[in-house]
Structure formats: structure tokens, C-alpha cells
1. Could you count how many residues in the stretch B:44-53 are within 11 Å of chain A (Cβ to nearest Cβ) and not aliphatic (A, V, I, L, M)?
2. Within the stretch B:228-247, track down each residue that is loosely packed, with under 15 Cβ neighbours inside 10 Å and assigned to a loop (DSSP other than H, G, I, E, B).
3. Looking at A:412, A:368, A:437, which one is within 14 Å of chain B (Cβ to nearest Cβ) and out of contact with any helix residue (DSSP H, G or I) (no Cβ under 9 Å at 6 or more places or on another chain)?
4. Does at least one position in the stretch A:238-254 carry a residue that is within 27 Å of residue B:23 (Cβ to Cβ), within 12 Å of another protein chain (Cβ to nearest Cβ) and either under 15 Å from the mean Cα position of the chain (by Cα) or at pLDDT 95 or above (or both)?
5. I'd like the full set of residues that are in contact with a Ser or Thr (Cβ under 7 Å, 6 or more places away or on another chain) and either at the interface with another protein chain (Cβ under 8 Å from one of its Cβ atoms) or at positive phi (or both), limited to the stretch A:266-282.
6. Can residue B:41 be described as within 10 Å of chain A (Cβ to nearest Cβ) and either surrounded by fewer than 22 Cβ atoms within 10 Å (Cβ to Cβ) or at pLDDT 95 or above (or both)?
7. Output the residue which, of all residues in the stretch B:2-38 that are surrounded by fewer than 22 Cβ atoms within 10 Å (Cβ to Cβ), among the basic types (Lys, Arg) and within 19 Å of the chain's Cα centre (by Cα), is farthest from the other protein chains (Cβ to nearest Cβ).
8. Mind checking which helices (runs of 4 or more DSSP H) fall wholly inside the stretch A:67-139 and carry at least 3 residues that are open to solvent by 20 Å² or more (accessible area, probe 1.4 Å) and more than 25 Å from residue A:198 (Cα to Cα)?
Amino acid sequence: MALIPKKHEMPIQGPLERTTNFCEVALGYTKEIAVAEAERCLNCKNRPCIEGCPVHIAIPDFIQEVKKGNFNEAYAIISKSSSLPAVCGRVCPQEKQCEAMCTLHTKLKVDGVGIGRIERFVADYHNENSTNSIVPPKSNSHKVAIIGSGPSGLTCAGDLQKQGFSVTIFEALHTPGGVLVYGIPEFRLPKSIVKKEIDNLKALGVEIKTNVVIGKTLTIDELFNMGYEAIYIASGAGLPKFMDIPGEGLKGVFSANEFLTRINLMKAYEDNSYTPIIKSKKVAVVGGGNVAMDAARSAKRLGSDVTIIYRRTFDELPARHEEIEHALEEGIKFNFLTNPIEIIGDENGNCIGIKCVKMELGSPDESGRKRPVVIENSEFTIDTDAVIMSLGTSPNPLIKNTTEGLSTTKWGGIMIDEDTGLSSRENVYAGGDAVTGAATVILAMGAGKKASQAISKKLLNKE
Amino acid sequence: MYKILNKKVLNNTVIEMEVFAPLVAEKAKPGQFIILRSHEDSERIPLTIAGYDIDKGTIKIIFQIVGASTLRLNELKEGDNIHDFVGPLGLPTHTEGIKKVCVVGGGVGCAIALPIAEEFHTLGANVTSIVGFRNKELVILEDEFKNASDTLIMMTDDGSYGEKGNVTIPLKNLLESGVKYDMVIAIGPLVMMKYVVETVRPFNIPVTVSMNPIMIDGTGMCGCCRLSLIKENKREMKFACVDGPDFNGYEVDFDEAIQRSKQYSDFERKAYDKECNLLAKGGKN
């Protein structure tokens with residue numbers, strides 16, 4: 001068969017149409033496209049794609065099933081390794097992970113197999129067509145508490161519950177899902193899909209207690225007193241970072257977390273929402289990651305003229321390729337090699353502009369990326385009535401402050417053993433953004449998986 | 001779901017509710033707050049804890065009906081459930097080592113000042129309470145303050161009850177007469193707290209203020225509740241939900257906080273009018 005160099009395009013909502021709504025942009029492969037894309041897989045011997053996947057899904061195996069049209073079998077293979085296939089298929093940076101390792105890409109220098117898109121198809125197909133009811137596993141009578149119901153906590157919960165552990169998740173917000181519900185917008189990850197994945201976990205027997213803030217309502221030590229034998233801390237990202245420049249207290253200046261939480265968790269974009277959102281004429285988003293793209297594209301959908309300000313160049317943008325492409329198609333402007341130095345306000349404290357300097361790339365820093373250096377006398381001002389800071393977050397301090405003996409790094413991340421996720425406290429494990437600071441959904445899931453294995457080993461060996 | 005065990009009208013627009021939330025009651029301390037959503041589609045709103053009872057497992061909240069969200073909260077009756085109720089959040093008021101304290105409350109802020117006065121009273125401190133209201137009709141919690149204070153000074157803007165004028169007048173008089181407090185604690189409208197700070201400043205007495213900015217999650221995630229402290233001419237950003245709500249009054253940038261508090265006032269006014277119309281038509285539960 002002739003080699004098809006490009007992965008099959010996914011049908012999408014056109015840019016003009018989609019910037020007027022919050023519906024999902026990518027519409028997903030049809031059966032036919034999914035099978036055709038699966039046909040591109042060489043089913044090579046050394047299976048490098050699996051190494052590229054933080055949760056080690058048996059990728060070639062599920063793709064072989066898709067080739068044969070056995071979509072439910074494909075789903076069963078994925079779900080052995082991933083608790084959230086419909087989520088990963090949508091939000092993983094596949095082009096840097098499994099698809100980057102694909103032999104088609106590394107040896108034949110063409111697009112890797114569209115693994116993420118096929119995974120998404122398989123998960124959606126399953127969610128629409130499966131009639132198999134989930135049977136809770138037989139209990140092994142061990143109780144585990146998980147703090148946070150984001151991707152890391154859900155993964156750890158799913159893996160442990162499947163092995164017979166009784167898992168309770170404690171969630172601070174009123175709705176479970178963590179960043180999947182408050183952070184990632186509907187147009188990229190419909191909340192109905194997150195809900196479906198969470199309902200599947202509940203059907204397995206996972207208990208979720210919302211409105212409980214660990215570190216406030218209950219402490220880690222109290223959870224042990226309540227009979228939990230192990231605890232996995234997956235409390236996620238904490239305080240948003242700002243730049244420490246003048247004007248960050250002005251009206252119209254938001255953290256991306258605030259802006260996105262209003263829109264995603266509180267549905268402030270809906271006309272009848274009780275939670276307000278400011279619809280600004282012009283919005284500047286500072287940062288170049290996935291969260292910056294999400295904030296920029298959300299602002300666009302609220303009718304704003306949006307500019308992204310990023311201090312490096314297009315090539316260094318840390319966001320997923322598809323999100324950058326979509327942002328460009330939607331008419332979002334980019335100001336590269338630009339760094340804000342002040343936000344300007346009027347006499348009523350409203351943001352009216354952002355003063356920036358131009359940058360150039362110097363020698364690489366410790367992360368290997370070229371360090372941006374300020375160009376002298378390059379100041380200029382961008383008129384804008386809102387600024388959204390999307391610069392990452394530092395870990396939440398609530399658990400650290402109320403748990404004796406829990407060691408953290410100087411910037412507040414919980415210190416763990418890399419192989420097991422074990423913290424400095426016995427039977428307390430941690431992972432995801434609470435450890436690493438802001439990272440990706442799939443890395444958080446990988447950490448949840450690792451911790452589930454360590455917890456399982458520890459508690460079962462005790463017997 | 002969190003059941004409303006008692007509901008009391010304190011004045012025309014100020015309501016007290018006792019809510020069954022045993023986990024929150026177990027931990028609550030004066031100065032901390034909760035976040036609630038009255039209905040499934042409601043906004044998250046922070047309310048400072050006005051009282052708690054570990055034995056009954058209840059938290060008392062007192063709120064003023066000022067917008068759509070508090071209007072809807074007030075639609076709930078005794079026996080109804082509040083959809084979401086989470087806490088206790090924030091840090092408790094610092095009480096250690098304080099022997100003589102002046103608690104200054106303004107308007108509905110008195111609801112938060114009361115448990116703090118009570119806590120100091122229980123700890124054996126000498127408590128002066130200065131409470132201010134617009135007029136006699138709006139006075140709340142007078143008996144409770146009497147019981148918790150060694151001295152209670154009642155002020156109304158129009159002089160219809162107690163003394164006429166605002167709370168800074170008796171405060172200034174006391175300080176000028178040579179009364180030495182270990183701490184002055186001000187809780188009320190931002191403008192009132194700002195002027196309490198200015199009144200106390202010449203006397204070199206610590207002032208604690210309780211900030212109540214706009215919040216969403218209340219757990220240190222969204223950054224909406226940030227405010228600026230100014231220390232030796234350097235600005236420092238703090239988050240009221242995890243670093244506060246109490247702050248050193250001398251360091252708070254009140255002008256910024258006042259402006260930030262108006263960020264959504266247009267929306268809030270429209271939402272309030274809309275909700276009033278709905279209620280008037282009986283179109284909503």
C-alpha cells in the first residue's frame with residue numbers, strides 16, 4: 001500500500017462559525033477515517049510509541065483492533081492503561097509524545113500515526129454505543145483517600161478501585177474534575193465528556209465528596225484517623241503567578257485561572273449565568289502555553305479582539321500545536337519577542353493599556369530554551385482594556401501548611417520519590433501539579449498511575 | 001446539601017441563617033469564612049462566619065440582601081437546603097497575647113465583628129465595641145454585643161439611636177483620652193476601615209482589618225481576591241482567601257481595594273434588577 005505522508009485531517013467547525021460559540025472545535029474522526037488512519041500504522045516490532053506515552057497505553061494493539069473495526073476491543077485495551085481515554089484523545093500533546101516516537105515520523109520523516117485522534121474516536125464510540133454495565137470489583141477492604149478530582153486524582157482512583165480498593169476522592173470545589181472542568185474550555189473538552197468519565201468511575205464504586213478542602217475542612221492526619229490507610233495528594237495548581245509589575249491590581253487585569261474559572265466552571269459565557277464576566281473590546285493575554293491559548297480563544301468567543309504577548313518566538317510556544325493553529329485560524333494576533341513592563345490605568349482604576357519592551361533571543365538557559373533579552377529603548381504601548389496573565393501557577397499552600405513532616409521544595413512543590421510518588425510522610429503519596437507546578441493532563445495522569453501502583457504494592461504486601 | 005435549621009430577619013435587608021454543616025462547624029474559628037452557592041446554578045459567594053456550634057454542627061451566617069445572589073439565598077426558607085457550602089476558609093483572627101482590644105464594626109460588618117468580640121471576651125480580654133449603623137432601623141445584634149463587651153458604644157449616622165456620627169468619632173476620643181489598646185480591629189465597609197486606620201495611625205496602635213474582596217474558589221486558585229500591601233514603599237501582592245482575610249490595616253492599599261470591589265457592579269445591578277422582576281412576577285421558585 002502506498003504510504004500516506006499526512007495524518008487524516010479531523011473535521012472541524014470552521015473558524016468563523018466557531019468563534020461565535022463555545023461548542024467543540026474538533027468534531028472527531030468518523031468510523032471510516034479512523035480505520036483509514038489506523039491503516040497507516042506499520043505495526044512495527046519495537047513499538048516506540050508506547051515509550052512516548054506517560055501511561056504506557058498498548059498503542060499498536062488498540063490500533064490493530066481499529067483496523068479490524070473492533071472498536072470495543074480497542075477501547076478495552078486503552079482502558080487497561082488509561083482511566084480517561086476520551087479526555088486524553090483531546091488534550092494530550094501527542095505530537096510531542098507517542099506520535100513523535102512513531103516510526104513513520106522518526107524513520108520515514110512523515111506524519112506519525114494520528115494516535116490521539118484514533119484514541120478519541122474509540123473513546124467516543126464506546127461512550128455512545130457501549131451497553132456493558134460497569135460492575136464494581138470485589139472489595140479488598142483497604143481504604144484510600146485521594147485529594148483532588150483532577151486528572152491525576154481520577155487516574156489514581158480508577159486504577160486502585162479496579163483492583164478492589166475502596167477509594168474516596170475529596171474535592172474542594174462543588175463539581176469534580178479539577179482542571180478538566182475549571183480550566184480547559186468547553187470548545188476543547190466538552191464538560192459532558194468529563195462528566196461521563198467521572199460517572200464511569202462512580203459506577204466502579206469510587207466515592208467523591210465535593211466541598212471538602214483538605215488542609216481546612218479536614219487535615220491529612222484526620223484522614224488517617226478516619227481509617228484511610230494511604231493518601232494520594234493531587235491537589236493541583238495553586239496561586240496564579242503575576243509578573244510583579246505596576247498595575248496588576250487594576251480592574252480588567254485577570255489571572256487566566258480567574259478568567260477561565262468564570263467561563264468554564266461557572267458558565268459565565270451563558271446569557272443567564274449568575275456569575276459575571278467582563279466582555280472587553282480588546283484583550284491582551286500574556287503567556288504562550290495551553291492556558292494562554294484557552295484564555296485567548298475564550299475571550300475571542302466573548303467578542304473581544306485578542307492579542308497574545310509572548311516573550312520568545314513562535315517556535316518556542318509551549319502550547320499544543322493544534323491549539324496554536326486553531327488560535328491563528330480564529331484571528332488571534334501574536335506579539336512575539338515582547339514582554340510587559342507595566343499595565344496602565346485610567347483615573348478610575350480601569351486598565352487601558354499595557355506597556356511592553358521588545359526582546360531578542362540570547363544564549364540558551366538551564367531549560368535549554370534561548371533566553372529572551374530586553375532590547376534597550378524599545379518601549380511601546382498596546383491599547384487594551386483587559387490583560388489576562390497566563391504565566392503558570394505555584395502549588396497550593398493549604399496542605400503543606402497543615403501537615404507536619406511533609407517536605408516541600410523552596411517554591412512549595414511537595415517533594416516525592418520519583419519512582420513511587422511517596423512523600424516524606426509514610427503512606428502519603430503525591431503527584432501532578434501539586435508536585436511539578438503547572439504541567440500537562442497526561443503527565444498528571446502518569447503520576448497518578450505510578451502512585452496507584454506504589455500504594456497497591458504497599459497496602460497489599462502489608463497483609 | 002446543607003440544611004437551613006433556623007432563619008431570622010435581623011432588619012429589613014439583613015438575614016441570619018443557621019446552617020447544618022458539621023465538618024465546617026468542627027473547625028471554624030472567628031475571622032474565617034465560608035463559600036456557598038444557594039442553588040445549583042448560583043454564583044459562589046464568600047460570607048464570613050458569624051457564629052458556630054460544634055455540638056449542633058451548625059454555622060451561622062449573616063448576610064445583607066444586596067444583589068441577585070443574596071436575593072436568591074433569601075428565597076430559601078427554614079428546612080430548605082443550600083446547594084453548596086464549603087469551609088472554613090482563610091486564617092482565623094489573631095487573638096494571642098491581646099489583653100485590651102477595640103472592635104469596630106460597621107453595618108452588616110458587625111455580624112463578623114461579633115464573633116471576634118465574643119472570642120476576645122471568652123479569652124478574658126477587655127473588649128470595647130464600637131458599632132455603627134445608618135439609622136435605628138438597621139441596628140442588629142445589640143444584645144449580643146452588650147454581652148460580649150466591657151464597653152459598647154452605639155453610633156448611628158442620623159443620630160436616631162445611640163450617638164450621632166460615624167464610628168471614628170468615639171474611637172478618636174478614646175484614643176485621645178489616653179486609652180491604650182493592644183489592637184484595634186475594624187470590620188465593615190472598605191471606606192470605614194480606611195478611616196479607622198487613619199484615625200488610629202497617630203497613636204501607634206496595631207490595626208487589623210478584615211477584607212472581603214470578590215472571590216471564586218476561595219482556596220488559593222483563581223487569584224481574584226488579590227490585594228496590595230504596601231510595605232516601605234514596596235507593593236506586595238496577597239490573596240485574601242489564603243493569606244487573609246485579616247491584614248495589617250496600615251499596609252492595605254484601600255484605594256485599589258475599593259476600585260477592585262466595583263469591578264462587576266454594572267453586572268450586579270442588572271442581575272439584581274432582573275432577579276427582582278422575576279420575583280415580582282413569581283416566575284421563579
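1. Matching residues across the stretch B:44-53 total 1.
2. B:232, B:233
3. A:437
4. yes
5. If the condition is that a residue be in contact with a Ser or Thr (Cβ under 7 Å, 6 or more places away or on another chain) and either at the interface with another protein chain (Cβ under 8 Å from one of its Cβ atoms) or at positive phi (or both), then A:266, A:267, A:274 are the ones that fit.
6. Yes: the conditions hold for residue B:41.
7. The residue in question is B:8.
8. The helices (runs of 4 or more DSSP H) meeting that bar are A:103-106.
The values are calculated or read from the model by the stated rules, or taken from the named source; none is laboratory data. Computed from a predicted structure; not experimentally measured. No Cβ is skipped: glycine too gets one built from the backbone with ideal geometry, and neighbour counts run over all protein chains shown. Ligands, DNA and RNA are stripped out before the accessible areas are found, and what is left, the full protein with its side chains, is counted by its heavy atoms. Shrake-Rupley method; radii C 1.70, N 1.55, O 1.52, S 1.80 Å.
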